[in-house]
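Below is one structure, written out as structure tokens; comments come after it.
Derivation of every value follows stated rules applied to the coordinates shown; laboratory data play no part. This one's a predicted model, so the numbers in the text were calculated from it and none came from an experiment. Ideal geometry is used to build each Cβ from the backbone, glycine not excepted, and the neighbour counts take in all protein chains shown.
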Amino acid sequence: MENHNEIARLTQKVKRLSTLVEVNSLISSSLEIDTILENVMTISKKVMNADASSLMRVDEKTNELIYQVAQGAVGEKLKKEVRLKMGQGIAGTVAQEGTALLLEDAYTHPKFFRGNDEATGYRTKSMITVPLKVGNRITGVAQVINRLDGKPFDQDDLELFLALSSMAAIALENARMHQSLMEKQRLVKDMEFARTVQESFLPQKAPEVRNYRFSAHYTPALEVGGDFYDFIHLDKHRTGIVIGDVSGKGVPAALYMAKLGSDMRTLAFTESSPSAALMKLNDLLAERSRRGMFATLLYIELDASTGILTMSNAGHLPPIVKRTDGSLVRLGAAGGAPLGMMPHMQYGQETAKLERGDTVILYTDGIIEAMNAKEELYGYDRFEVVLRQSAAHPESLKDAIIGDVNRYTGLSPQHDDMTLVCFGAVR
């Protein structure tokens, strides 16, 4: 008789080991988490000789338990209707405390909630509830309910279910890591696409205008922003200069910038003045603006025959002119609100005259707000010191500014695009 019982126990252990091998193969074969967990719990239900099985995962956003798998007569109802807070019911208690529970009669436990039984007509008797752990982190809870032979679950059942559930926890973590990796890869592709869109709309070369020189610098941030600039050849004497900054990051900002730049080019030819172009552009953007996106933009028309600048500013940083005597003059007082915030906005316009040797500096906030390792801003004061101390030639001035910003920031990550445009009447 003893030999017969020993053989039965060994046979049962071999069967359970085979089950663990089967579950391990399932986990290794796919990253389709829903299918894997459904199969793991189906096998668990079968080998545990249980009437029902379920697996709940922790919703990282709400820190609640939600049903990922629910097998048995009331499984679908549970998946649709039940969410548990940490500490609520048996599952919530196990998730909160991180300790497995083996109950011969669930109704004797003070945390057992009978409401589900009363609502469905089901009678929960014996049950095992175990936490799904990855290191010290609880990712979910697994349960088996009611042995089909009517006996309560025992310690051997608990040990087997702990082993099965540890594999389910591994499957959950593998799927989470895979999803995280896929999301990172998608973001990288999105950033590459956004950067390609952004850079394709930037000028390939500086305009050639007699007695004038143009120089520009653009450095994209790791997380692509919406900086842009453009040079527009209007006619024999007039050149349009545009600089702007779209709110937001990534693909939405890049696409918004692309459309904005295209519309600006069209309006530079069709509208009678910079202010008229900005008013029309604002109305176009306000009509189709989504998710609160907007843009700052400065538009200047240079008449090379007279040296006259005509400009209109939609919330952008004001241009600075470095005069031949070394003084700095800030222009663009007649500004208006950023583009796309609301329709029917009015934009002022002003003029200034460039003399030989004067240089105009246009820039975005990525330069002023560049930070060093101590998270200290580069700032206007340092910016103006470089402007005063550097040669006035557009190319030299641009190189001096970018060089100083780079020395200041060192190896600190760049959080925003940096765009700089310098142009002037050369001697």
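Things worth noting here:
- Sparse packing (at most 13 other Cβ atoms within 10 Å of the Cβ) combined with a DSSP loop state is found for the following GluC sites (Glu not before Pro) in the stretch 177-285: Glu208.
- Placing R0 at 60 angstrom, the Cβ-Cβ distance between Asp235 and His178 gives a FRET efficiency of 0.55 after rounding to 0.05.
- A straight chain from Glu118 to Arg137 at 0.36 nm per residue would run longer than the Cα-Cα distance by 3.5 nm.
- Over all distinct Cα-Cα pairs of the chain, the Kirkwood formula returns a hydrodynamic radius of 26.8 Å.
- For the stretch 305-313, Karplus couplings with θ = phi - 60° (6.51, -1.76, 1.60), whole Hz, Gly/Pro x: 6, 10, x, 7, 9, 10, 9, 9, 10
- Each of Asp34 and Leu187 was given a label point 7 Å from its Cα along the Cα-to-Cβ line. The distance between the two points is 2.5 nm.
- Those trypsin sites (Lys or Arg not before Pro) in the stretch 180-221 that DSSP places in a loop and that have at most 10 other beta carbons within 10 Å: Lys205, Arg210
- Report note on the peptides 254-263, 59-68, 400-409: ranked by the mean count of other C-beta atoms within 10 Å, highest first, their order is 254-263, 400-409, 59-68.
- Taking θ as phi - 60° and the Karplus parameters 6.51, -1.76 and 1.60, the scalar couplings of the stretch 159-169 work out to 4, 5, 5, 4, 5, 4, 5, 5, 6, 5, 5 Hz in sequence order, x denoting glycine and proline.
- Against the chain, whose longest principal axis is taken from its Cα atoms, helix 379-389 shows a tilt of about 30°.
- Loop trypsin sites (Lys or Arg not before Pro), the stretch 262-303, which have at most 10 other Cβ atoms in a 10 Å radius of their Cβ (DSSP): Arg290, Arg291
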